[in-house]
1. With under 23 Å from Asn569 (Cβ atoms), hydrophobic (A, V, I, L, M, F, W, C) and surrounded by fewer than 20 Cβ atoms within 10 Å (Cβ to Cβ) as the only criterion, which of Val173, Val91 stands out?
2. Could you list, in sequence order, the residues of the range 34-68 that are among the aromatic types (Phe, Trp, Tyr) and surrounded by fewer than 21 Cβ atoms within 10 Å (Cβ to Cβ)?
3. Taking the residues in the range 142-155 that are within 28 Å of Asn219 (Cβ to Cβ) and buried (at least 21 other Cβ atoms within 10 Å of the Cβ) as candidates, determine which candidate is farthest from the chain's Cα centre (by Cα).
4. Do we have Glu426 as more than 22 Å from the chain's Cα centre (by Cα) and either in a helix (DSSP H, G or I) or outside the structural domain of Glu491 (by the TED database) (or both) here?
5. Quick check on my filter: what residues within the range 579-605 are part of a loop (DSSP other than H, G, I, E, B) and hydroxyl-bearing (Ser, Thr, Tyr)?
6. Please go through the range 373-398 and pick out each residue that is open to solvent by less than 60 Å² (accessible area, probe 1.4 Å) and assigned to a loop (DSSP other than H, G, I, E, B).
7. Residues Gln110, Gln184: which one is within 19 Å of Glu62 (Cα to Cα), polar (S, T, N, Q) and at pLDDT 95 or above?
8. Could you check the range 347-371 and list, in sequence order, the residues that are part of a loop (DSSP other than H, G, I, E, B), closer than 20 Å to Pro302 by Cβ and open to solvent by 50 Å² or more (accessible area, probe 1.4 Å)?
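The values are calculated or read from the model by the stated rules, or taken from the named source; none is laboratory data. Note that the structure is a prediction, hence the values are computed from the model and not measured. Quick reminder, even Gly has a Cβ in these numbers, built from the backbone with ideal geometry, and neighbours come from all protein chains shown. Heavy atoms of the whole protein, side chains included, go into the accessibility calculation; ligands, DNA and RNA do not. Shrake-Rupley method; radii C 1.70, N 1.55, O 1.52, S 1.80 Å.
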Amino acid sequence: MTDRLHSLIDKGDVFLHIVIIGAGPRGLSLCERLIAHGKKEQLSTAITLIDPYLPGAVWRTEQNQDLLINSVTSQVTLFTDDTLTSGGPVVKGPTLYEWAATHGKAFAQQHAPWLSAFFDQIDSNGHCPRAVYGLYQQWFYQELRLHCPASISLTYLPAEVLSITKESDRFCVKTAAKSLIADQVILATGHGAARLSQEEAALAAFAQQKQLFYAPPANAADVDFTDIQAKKPVILRGLGLAFFDYVTLLTKGRGGRFIEENGQLSYQPSGQEPLIIAGSHRGVPYHPRGKNQKQPTQQRQPAFLTAKRLSAWRQEKQVDADIVFYFLAKEVELVYYQQYLVSMKRSNADVTAFTEAFICQEGQLSVVHDFAIPSAAVWDWSFFEQPFRKKPAEQSPQEFLLHYLKWDLKEASLGNLTGPVSSGLEVLKDLREPLRLILAEGLLSTKALKETFWHSFVPLNSFLSIGPPLQRTRELVALMEAGIVTLLGPEMVVETTEVFLTYAKQSPDHTFQATQMMEARIPTTAVEATANPLIRNLLTQGLIHPAILPIPDQTDFSTGAIAIDPATNLCLDKQNRPQSGLYCFGIPTEGIHWLTAGTAQPGTDAWNLRQADQLAAHIYAHRLSK
């Protein structure tokens, strides 16, 4: 602890000692909100932030600079602004881009000189290295310390928390070297290690027995790629965001070069690349993000999921999930058709008339036909859910995927305001708030939550709207054309013989063998599978437990989240009683809250900043009520 914190405690001046476990964006945002509220109320507070890394491990500044954030730099912030609706004090500051364009280079030269060159080519609509976002978080922490009033201390402790025990109405927080007594503890632990699933453990045991290489799910920045043999097949399982990181580190990260010529991208191998064989259940890589044309604070407003409609559902205290997702689909289709009509040089009057008719008739297909939109241009959800439904019989999966990815790139390059497809899919990103409200209000049945929301919509939404930077998909196409990457197709199967064997279920005769395999995906966040010793300790003590939803006439649904009171984020014990003073915030609550890993977008009343503000307010109000 710092001298300042010792001084406050020794004098008996500390009104509240708060420990936050996790120093990533959520832990830092909560620090800022606690300081802002404490300053406003003139409360004496000691805040201790504990994490082996500052910022958290995902954002550490030493990682490979080819690993990028998925949001554009101008749409990322850690600061609140005048759109904040949760009632806390607004403390304004620069977005990631604004910081990078002003303070960033000087800060990098002092704290991470290996990142300095990036700041000469900062692009507001581009995707910066994760290490740069990590540096922004380090600067943010220093700003918090610099502007703390005399009554508030903020201390960073570089350590791993091993256990938390309850002592009367306080908590003992232990690391390998220290024990701290805290009034309030917040778990903001982010992504962490997980125990292997039964299948993963079997594959790891097989690899050890046969002296093969197997890597379980992990953040690509944490993986040692040196044992992957060049020019030999390696199987990658997973085609989501992590897949693109793995591919980047196995190609460009091994000295290969992408060459732009006449608008076309090609790949020049270094000779150190493996031959990548990749697949997943869907068999299709995530859609790339459309070229950004939006201002940092810009979002489309709902035409169907309006405040009036949501208010009616809240009054009824329930809504059918099919109705919710019907209207969400119509939000996407409306924007797509609007931009399609514009791209076809239809008059403004036509676009306006179509919009009015489509909304008035609640998205009926007859409106599309009335405005002479050809059948080939009609939005087809079955295609967007599974593109292979349109694969010609004569094409191989690789040929089809090359054709499909080039189409996808063309659509994405048209932009997220003017491109019909990209603009439509961008709606899924802009209209998260109505869905969050429906979740928060408990308007869906538990059966619909499980089957329609978490098992159906969430993976589809990730596939369509949480994809990689456009350049990563361009690079994937170049690697496929260079013969470095082969994609299997839908329903990937992995078997073991004397080596690893893989194929797509639709093409069982087209098999690939390899002595090396990697799970190209991050570990599950499900609390039941956690390998975090702190979380396991808390589970053993019964201070926390997994969130389980009972479903009539079915097996209970394990959400994967730590059970909390959604209104306060207080952890619940095994009897579902709130644990006074013990909170959970962010990724460990995924399954109760949704998209907990998302970045905060400026000027949009960002949900994660709003939640941090509400949490800070509750911590102080709870203490004052004692």
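1. The conditions single out Val91.
2. Tyr53
3. Step by step, filter the range 142-155, then rank; the result is Leu154.
4. The answer is no for Glu426.
5. Residues satisfying the conditions are Thr596, Thr599, Thr604.
6. Ile373, Val378, Trp379, Asp380, Gln386, Lys391, Pro392, Gln395, Ser396
7. Sole residue among the options that is within 19 Å of Glu62 (Cα to Cα), polar (S, T, N, Q) and at pLDDT 95 or above: Gln110.
8. Those that are part of a loop (DSSP other than H, G, I, E, B), closer than 20 Å to Pro302 by Cβ and open to solvent by 50 Å² or more (accessible area, probe 1.4 Å): Gln361, Glu362, Gln364.
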